[in-house]
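Here's a structure for you.
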Amino acid sequence: MNRFKKWKKPEFDDRGNTRWNWMCQHHENLELGNYVDIGAFTYLNAKNGIDIEDYVQIGSHCSIYSVSTIDNKEGAVLLKKNCRIGTHSVIMPGVTVGKNSVIGAFSFVNRDIPDNVIAMGIPAKVVKSIENDDTGED
């Protein structure tokens, strides 16, 4: 895991931006594990809590919402260990993405995704089971 050799938790400026060009509103409600990789121009709204566990990867231009003013949905979001979220995907309030699962690029996730699967689409649906995680961790 050489890419995480110098990893450290992000710091937020007064507008919720990081030096890696992603932002989080209500970052006091963001629980961020170790070795998390969040792509540029991703937006997190953690008003009702977002918990991102270790080794999670989130592509660029994603949006993760714990509140939606369009349909008045609210709820904490949980991204479990080693899950991966493809670029330009949207995660809606109250959703859990399971351990080791992969969300395909440009997906809309409005329901829980179980562990060890690949899901994609609008709305995201499970398309395949996967066997292993590649972190070397339990």
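Please treat every number below as a calculation from the coordinates, not as lab data. Everything quoted here is computed from the prediction, not taken from an experiment. With ideal geometry, Cβ positions are generated from the backbone for all residues, glycine too; neighbour counts draw on all protein chains shown.
Taking the mean number of other Cβ atoms within 10 Å as a proxy for protection, how do you rank 67-75, 103-111, 33-41 from highest to lowest?
Answer by packing, highest mean first, reads 103-111, 33-41, 67-75.
How much length is gained on full extension from residue 47 to residue 108, taking 0.36 nm per residue of separation minus their Cα-Cα distance? Numbers along the way, then the final one.
Working: separation 61, 0.36 × 61 = 21.96 nm, distance 1.98 nm.
Extra length from residue 47 to residue 108 when fully extended: 20.0 nm.
Which Cα, out of 96, 36, 49, lies furthest along the positive dipole direction of the chain (beta carbon charges, K/R +1, D/E -1)?
With unit charges placed on the Cβ atoms, the residue in question is 36.
Test of understanding: what is the full-extension gain from residue 19 to residue 125, defined as 0.36 nm times their sequence separation minus their Cα-Cα distance?
That works out to 34.8 nm of additional length.
Mind putting together the pair-distance distribution for segment 38-85? All Cα pairs, 5 Å bins, whole percent per bin, short to long.
6, 21, 26, 27, 14, 5, 1
Using the structure shown, list the pairs from 73/128; 5/47; 9/80; 9/81; 5/81; 73/99 with a Cα-Cα distance above 22 Å, or answer none.
73/128; 5/47; 73/99
Convex hull over the alpha-carbon atoms of segment 18-128: what's its volume per residue in Å³?
Spread over its residues, the Cα hull of segment 18-128 gives 77 Å³ apiece.
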